Amino acid sequence: MYDLVIIGSGPAGMSAAIYAKRACLNTLVLERTGFGGGQVLNTYEVDNYPGLPGISGFELAQKMSEHAMKMQAETVEDDVKEIQTEADGYVIVGENKTYKTKGIIIATGAKHAPLNVSGEEELAGMGVSYCATCDGAFFTGRDVAVVGGGDVAVEDAVFLARNCRKVYLIHRRDELRAAKTLQEALKKCDNVEILWNTTVEAIQGDEAVESVILRNKITEASDTLSVAGVFVAVGILPNSEAFEGFVGKDNGGYIVAGEDCRTDKPFVYAVGDVRTKPLRQVVTAVADGANAVTSFQKELLQ
């Protein structure tokens, strides 16, 4: 039996693994994809992580993984299907095998929310993308659209503007929600055009994206915009499906847990983007990892 099983290996999970190994806890990290990093892997530049300004998301994730490996954190590739409660702890049922543990830290993060419009699913990977840093190079010298108005959408538009001929930022409101520093960077991009109060009604194309159907929310007028790519950045959804009925969630599917990361189950904690919190950033994720291990140690003594 493990003392602690950490499900997920993004910044929150890696932080928890480091703290758990420093506390000499028998710890296992379960990673669904076989490589750590989480969403930060797809971030071109992380400019707000203390001490490492301008570091790429990939490099930051790599450094965290290397630190955890240096601490000899055991990592297994498996996909969690459900968790069962037993008298002396929990049984985590994975796709490949089961794992017994006293405590669990859920660090499964979140995924990109879809637009849920016609053509999106059919053209995913053929011009529809949820990661500008992953797929932006395929659209060098071409016209693309970014959908959204938050930090990720504006960051994507700035990134794509470096190589694309034209970038349309499509936003359903009349002002952006992104941080002011990102908005200032966007203003410096001469090849970015913002389409305010506009929604995407459909994505069109035969074997690849060719255009999008737009609707202006003020005039109700529809228009067709020719683009080769559509980058969707309209929010995130928590990866919490495997824990349905096991721990409490809010209406958005986020696992309810406070700053101590405790859930409504004893010795079970939620960290990072999967838990209820006002700010989802790398710096708050790594703080969650540390807090969860500390909470686990305190709970063991109660």
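The values are calculated or read from the model by the stated rules, or taken from the named source; none is laboratory data. Because the structure is predicted, anything quoted here is derived from the model rather than measured. FYI the Cβ positions are ideal-geometry reconstructions off the backbone, even for glycines, and counts take in every protein chain you see.
Consider Val209 carefully, then state whether it is of a type in the set (A, V, I, L, M, F, W, C), assigned to a loop (DSSP other than H, G, I, E, B) and within 21 Å of Gly148 (Cβ to Cβ).
So Val209 fits the description; yes.
Which numbered condition trips up Ala285, out of (1) among the hydrophobic types (A, V, I, L, M, F, W, C); (2) surrounded by 15 or more Cβ atoms within 10 Å (Cβ to Cβ); (3) out of contact with any Pro (no Cβ under 7 Å at 6 or more places or on another chain); (4) under 30 Å from Val128 (Cα atoms)?
(3)
I'd like to check something: does segment 216-224 contain any residue that is within 22 Å of Val154 (Cβ to Cβ), touching a residue at least 24 places away in the same chain (Cβ under 8 Å) and surrounded by 16 or more Cβ atoms within 10 Å (Cβ to Cβ)?
no
Is at least one residue of segment 253-262 under 18 Å from the mean Cα position of the chain (by Cα), modelled with pLDDT under 95 and either more than 21 Å from Leu300 (Cα to Cα) or of a type in the set (Asp, Glu) (or both)?
Taking every residue of segment 253-262 in turn, none turns out to be under 18 Å from the mean Cα position of the chain (by Cα), modelled with pLDDT under 95 and either more than 21 Å from Leu300 (Cα to Cα) or of a type in the set (Asp, Glu) (or both).
From the list Thr181, Thr198, which residue is of a type in the set (Ser, Thr, Tyr), crowded, with 17+ Cβ neighbours inside 10 Å and not assigned by TED's automatic domain parsing to the domain that holds Asn42?
Answer to the selection: Thr198.
Looking only at segment 137-157, how many residues end up being without any contact (Cβ under 8 Å) to a residue 60 or more places away in the chain, surrounded by fewer than 21 Cβ atoms within 10 Å (Cβ to Cβ) and not polar (S, T, N, Q)?
So the answer is 3.
Which of the residues that make up segment 162-189 are free of Cβ contacts under 8 Å to residues at least 24 places away in the same chain and not in a helix (DSSP H, G or I)?
If the condition is that a residue be free of Cβ contacts under 8 Å to residues at least 24 places away in the same chain and not in a helix (DSSP H, G or I), then Arg162, Asp174, Lys188 are the ones that fit.
Condition test on Leu52, is it more than 24 Å from Asp135 (Cα to Cα) and surrounded by fewer than 18 Cβ atoms within 10 Å (Cβ to Cβ)? If you could, list the steps in order and put the result at the bottom.
Values: more than 24 Å from Asp135 (Cα to Cα): yes; surrounded by fewer than 18 Cβ atoms within 10 Å (Cβ to Cβ): yes.
For Leu52, the condition - more than 24 Å from Asp135 (Cα to Cα) and surrounded by fewer than 18 Cβ atoms within 10 Å (Cβ to Cβ) - is met.
Here are Phe138, Phe159: which of them is outside any loop (DSSP other than H, G, I, E, B) and farther than 15 Å from Ala233 by Cβ? Show your work before the answer.
Numbers: Phe159 fails: farther than 15 Å from Ala233 by Cβ.
Of the residues listed, the single one that is outside any loop (DSSP other than H, G, I, E, B) and farther than 15 Å from Ala233 by Cβ is Phe138.
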